[in-house]
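Coordinate-derived values only; no laboratory data. Being a predicted model, the structure only gives us computed values, none of them experimental. All Cβ positions, glycine included, derive from the backbone under ideal geometry; neighbour counts span all protein chains shown.
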C-alpha cells in the first residue's frame, strides 16, 4: 500500500527566505506526482505536476523535483512571501486495474512572517 | 470562467438523514472524484468516475453513494449508514484518469 509522508508538518520562516518542503513515498512505481496548495477552509489549488519520466518542473518561484528511485520529491519556494502561507500537499498517482488513484500526504503547514 | 463548483459550502445534517452534495464542472473533463478530508489526515478517495454512467469505489466508499448521469455532474450522497460523516468533502475532475486533477472549493458537512 502506497504511503506518502511530508516533513516537516509545520514550518515558520521569515519573509524572503528560500525553503524546501519534502515528500516521500513508499512505492516507486508511480505514474506522476502533484503538488497542491490549500488555504484554510478552501479547496486545493494545483501547483505543479511531474510525470514519472521527468526530473523537475518549474512555475515562477516554485520548483519541484522528483527522484522516483529513492521515493522522494521536494518543493522549493524561492524568496518566500506572506502570501505563500498555506498548507502544501503532495500526492502520488499509481495506475491500477481500476484506474489512476491519488494518494495524499498529510501536508506541510507553512507560515511566512513579515 | 471554467471551473468546478460545489454546493452548499456548509451543510448540517441530523443523525439518520441522507444528504446530497453537489459537484458541477464546466471543464469538459471526463473523470471526476470525491475525497474526504479530516484534520491531521490526508485526503481519502471515496468514489471516482471515468465516464458518464460509470463509477468505481475508492478507499472509503462505505456509507456513500454517487451517480454520473451527466458529464458535468457527480453528486455524492452521504447516507445514514456512514458512521462518522462530519468532514470536509472535496470534488475534483481531470481530463482523463492519468491527468492533473483540479479541485472545487469544498463542502463542510457537520452532523448535529
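Looking only at residues in the range B:27-49 that are within 12 Å of chain A (Cβ to nearest Cβ) and surrounded by fewer than 18 Cβ atoms within 10 Å (Cβ to Cβ), which one is nearest to residue A:10 (Cα to Cα)?
My answer is B:40.
Have a look at A:80, A:85, A:69, A:65 and point out the one that is exposed (fewer than 12 other Cβ atoms within 10 Å of the Cβ) and either farther than 21 Å from residue B:94 by Cβ or without any contact (Cβ under 8 Å) to a residue 12 or more places away in the chain (or both).
Within the list A:80, A:85, A:69, A:65, the selection yields A:69.
Here is a list of conditions, (1) surrounded by 17 or more Cβ atoms within 10 Å (Cβ to Cβ); (2) under 23 Å from residue A:103 (Cβ atoms), and residue B:24 meets all of them except one; can you say which number that is?
The one condition residue B:24 does not meet is (2).
Has the range A:48-59 got at least one residue that is within 11 Å of chain B (Cβ to nearest Cβ), on the phi < 0 side of the Ramachandran plot, touching a residue at least 60 places away in the same chain (Cβ under 8 Å) and not in a loop (DSSP other than H, G, I, E, B)?
Checked the range A:48-59: no residue is within 11 Å of chain B (Cβ to nearest Cβ), on the phi < 0 side of the Ramachandran plot, touching a residue at least 60 places away in the same chain (Cβ under 8 Å) and not in a loop (DSSP other than H, G, I, E, B).
Looking at this structure, is residue B:11 surrounded by 15 or more Cβ atoms within 10 Å (Cβ to Cβ) and within 11 Å of chain A (Cβ to nearest Cβ)?
So residue B:11 fails the test.
What are the residues in the range B:75-100 that are more than 25 Å from residue A:40 (Cα to Cα) and without any contact (Cβ under 8 Å) to a residue 60 or more places away in the chain, if any?
Within the range B:75-100, B:81, B:82, B:83, B:98 qualify.
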